[in-house]
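For reference, the structure discussed in these notes is given below.
The values are calculated or read from the model by the stated rules, or taken from the named source; none is laboratory data. Everything quoted here is computed from the prediction, not taken from an experiment. In this analysis, Cβ positions are derived from the backbone assuming ideal geometry, glycine residues included, and neighbour counts consider all displayed protein chains. These area figures cover heavy atoms from the full protein model, side chains too; ligands, DNA and RNA do not enter into them. Shrake-Rupley method; radii C 1.70, N 1.55, O 1.52, S 1.80 Å.
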Amino acid sequence: MLKRQNIELKETLSYNTLLVTSTITGLSFIIILSLFNFPSIASLVSQHKWLMLCLIGFSCYLLVYFFLDKMIKQLRSWACSFGVTKLLVLRFELLGVSILEWFLAGLLFYNLVYYFQRDQNFFNILSIFAVASAAGILSFMPGGVGSFDLIAIIGLQFMGLTDNEALTVVILYRVFYFILPSCVAIVNFSLQVLRRSEQKGYVIKSQIYGQLVATVMAIIVITCGLLLLISALTPSLISRSKLITNMEAVVFLQYSRSISIAIGFMLLFLAEEVFFRVKRAYNTTMILLLSGGIFTFIKGFDIEEFLFLLIAMGILRLSKTNFYRRSILVKPSHIVVVVISVPILLTIYLKISHILFTSYIKTFHYPHLIFHDVQAFIHSGILAYVLFLAFIIFWYLKRDRIEKNPLFQTLDLVKVNKFFDTNIGHHLSHLIYLGDKNLFWAEDDQVLIAYSLFSDKAVVLGDPLGEESLLSDGIQEFQRFIDTYGYRAVFYEVDEDKLSLYHDNGLFFFKLGEEAIVNLQEFDMVGSSRRSFRNIVKRFEKDGYIFEVLSPPFDDQLLYNLESISKEWLDNRKEMGYSVGWFQKDYLQKAPLPS
């Protein structure tokens, strides 16, 4: 950051020196206060006398800090050019920041202790915290692991906490002060790297890193969905239940519970699209998380679940740029399975919930509690399922389909003929004229890719057509297009000479078979190896068969005869199509016909 502000390296080093040396000035200040409150730490220091030297050293550090420019030549020379007054002000500012940081850390430590014993004095606990922190720093272990924990536990035991309570306080302090902030920082840093890489044009969406972030987001969404379902499964706390029973809008509370259940199932359904990084899943999930938090709070004043969902929204917001797909393939059979399975799961879920509520009512004698009869549970389940069903139908019908994209094109004879006027095709190019394949035009219509969609695959017939130097960029453009809709590219019947081209674009190879090619220039029927073939030809000639190549245009009678032969051979079977061709009159009119 200093470099971006055009600050010279010499001054940058001076700034860093001041910053690094100021980090423990706040702790030094708190230790000085602790010495004035020495009785609170006297037992701890008497048992470990080396801690007294530690406290004296940290107390003196605050005075030494303000004379560092006298001890470091670098800082002294900078002080002359920068100004002694400004330097002193800067040091006091850094001291204030350090004191605030250490004081807040001590406040967290005190609140954890206060949870177990509420009669503890704040400055006594702060003194224990300061001594433990000083011991942790002198141990030169990362985060003072071991030293801080041991001194803190011993000090808390002197203050009256049990062994288990002291250990729990230290563990919780580690979780809230180190582990959770570190996790948030790692996620934030990772997303910042992802965002900057995308801004610079690096293609990393398909890499493992981007998918790792999506996996974490999907797990969070699943967790939130389960949290809403579990929250609605059980009654609220007793104190909150008393408050609920005094409210007049009981029916509205029932609706809130039903809506929370529906949102829980919706989040579980959306987790798949969050995993595949679909844009619309991000916006919808944010709305559902907020709505779920509001309704779960209304139904039972569950502030914990509400805060958790808000945190999940914040984490999801950080990963917004990771969502880039417009949609993924949604099979109707998948929707049918979901529509059938959810009411079954919902019935089991409500049955368990009814048992829990009934037990709660009998135990705590709340006969007027919400959902005290089976009929209320049935109504709740019907409402939740109707909401979920409406959401599924709307989600399926409003999905962005690849067929609606202008780049998803079918056969355009004029455009294809113009392309082949300037480009050479291959042995499968003629099958484009059947019209059963989609065409993708890449590199400003200089590369042509013929493909068909099958399941979640875009199966390309043969190699891309066009200028050799443009094929790689054309493949990448095609992959980006279909990946936006959740499809993966499969290249079928490719040329062996172009295997390196596909390998460079991240594709793997699978040998499905080989294609026989006869070199007509070198083929003849001479020799003993051709004897059986010559016998077959002579047999056909003896039976009156002839072979000739007819040139278009063909008359209707010939086409009718050919169609009759084709139907007789098919015997009511379906034409195979795609790479083997099929009977079509317009297609047959475009090339010579062997007969």
Inset, instruction - Mind grabbing the accessible area of THR284 for me, 1.4 Å probe, Å², rounded to tens? - result: 30 Å²
Inset, instruction - Would you list, by chain and number, the aspartates and glutamates whose Cα falls below 12 Å from the Cα of LYS331, excluding same-chain residues fewer than 8 positions away? - result: ASP456
Legend entry - Positive-pole candidate from LEU520, ASN505, GLY544, dipole of segment 494-555, charges at beta carbon: GLY544
Inset, instruction - On a C-alpha basis, how far is the centre of segment 390-468 from the centre of segment 278-297 in Å? Whole number, if you could? - result: 36 Å
Inset, instruction - Would you mind calculating the gained length between TRP582 and TYR396 on full extension (0.36 nm times residue separation, minus the Cα-Cα distance), in nm to one decimal? - result: 63.6 nm
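So, R0 is 30 Å and r is the distance between the beta-carbons of ILE424 and GLU496; what FRET efficiency does that work out to, to 0.05? Walk me through the numbers before you get to the answer.
Values: r = 18 Å, r/R0 = 0.59.
For R0 = 30 Å, the calculated efficiency reads 0.95.
In whole Å, what three semi-axes, largest first, describe the equivalent ellipsoid of segment 483-529 built from its Cα gyration tensor (square root of 5 times each eigenvalue)?
Working: eigenvalues 266, 25, 17 Å².
Largest first, segment 483-529 gives 36, 11, 9 Å.
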Inset, instruction - Whenever you get a sec, line up TYR485, TYR349 from highest to lowest accessible area (probe 1.4 Å, protein heavy atoms). - result: TYR349, TYR485
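Could you give the semi-axes, largest first, of the ellipsoid that matches segment 252-350, computed as the square roots of 5 times the alpha carbon gyration tensor eigenvalues and rounded to whole Å? Display every interim value, and only then the final one.
On the way: eigenvalues 114, 90, 14 Å².
Semi-axes, largest first: 24, 21, 8 Å.
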Inset, instruction - Sort largest first and round to whole Å: the equivalent ellipsoid semi-axes of segment 257-312, each the square root of five times a Cα gyration tensor eigenvalue. - result: 21, 11, 8
Inset, instruction - Ignoring everything but the protein chains, give the 1.4 Å probe accessible area of VAL97 in square angstrom, nearest 10. - result: 100 Å²
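Output the pairs from LYS542/LYS567; LYS511/LYS585; LYS498/LYS585; LYS538/LYS567; LYS279/LYS511 with a Cα-Cα distance over 30 Å in this structure; if there are none, say none. Write out the running numbers ahead of the final one.
On the way: LYS542/LYS567 27 Å; LYS511/LYS585 34 Å; LYS498/LYS585 34 Å; LYS538/LYS567 28 Å; LYS279/LYS511 36 Å.
Distance filter (> 30 Å) returns LYS511/LYS585; LYS498/LYS585; LYS279/LYS511.
Taking 45 Å as R0, compute the FRET efficiency from the Cβ-Cβ separation of PHE116 and LEU212 and round it to 0.05.
Details: r = 38 Å, r/R0 = 0.85.
For R0 = 45 Å, the calculated efficiency reads 0.75.
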